[in-house]
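Right, one structure below, let's go through it.
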């Protein structure tokens with residue numbers, strides 16, 4: 001069954017759905033948006049839009065929350081990547097999004113750097129003229 005078949009759309013364009021990945025019942029009313037685009041519990045999404053809110057994508061692949069960033073106005077947004085086609089989308093966070101999961105995504109590059117920390121220590125020691133052990 002495709003994701004669109006599981007959505008209940010009212011005349012006001014509010015969309016309630018059940019997350020295919022964690023099973024959470026998701027209401028657009030809690031988000032403060034008429035275009036809820038991800039689950040507030042697991043932050044997963046489905047590739048439904050080509051442009052925000054248009055629901056025109058034929059892909060329907062799972063989109064994983066892979067990063068967060070802060071917009072110029074200070075608002076946080078989640079970067080989702082589609083597992084099927086690889087497209088990246090930036091989506092505003094919602095008031096009811098899982099704060100702990102957002103923070104864990106935000107600190108992941110610090111907790112799991114793309115290089116051994118020993119390398120950083122040696123590099124800093126070389127720059128300061130101190131020998132590392």
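Quick note: the coordinates plus some simple rules give every number you see, no bench work behind them. Please read all numbers here as calculations on a predicted model, not as lab measurements. As a convention, Cβ positions derive from the backbone with ideal geometry for all residues, glycine included, and neighbour counts pool all protein chains shown.
Annotation: extensible slack from residue 51 through residue 128 equals 22.8 nm (criterion: 0.36 nm per residue apart, minus Cα-Cα distance). If a/c stays under 1.5 just call it rounded; otherwise compare a/b with b/c (prolate if a/b is bigger, oblate if not). Do that for the stretch 54-104, with a ≥ b ≥ c from the square roots of the Cα gyration tensor eigenvalues. Prolate shape, in that a/c is at least 1.5 and a/b is the bigger ratio.
Classify the stretch 65-133 from the C-alpha gyration tensor, please: rounded if a/c falls under 1.5, else prolate or oblate depending on whether a/b exceeds b/c. Prolate is the answer for the stretch 65-133, as a/c is 1.5 or above and a/b outweighs b/c. On the basis of the beta-carbon distance and an R0 of 30 Å, residue 79 and residue 119 show a calculated FRET efficiency of 0.65. In terms of the Cα gyration tensor, with a ≥ b ≥ c the square roots of its eigenvalues, is the stretch 3-128 rounded because a/c is under 1.5, prolate because a/b exceeds b/c, or oblate? Note, shape of the stretch 3-128 comes out prolate.
For the peptides 45-56, 68-79, the ranking by mean Cβ contacts within 10 Å, running from highest to lowest, is 45-56, 68-79.
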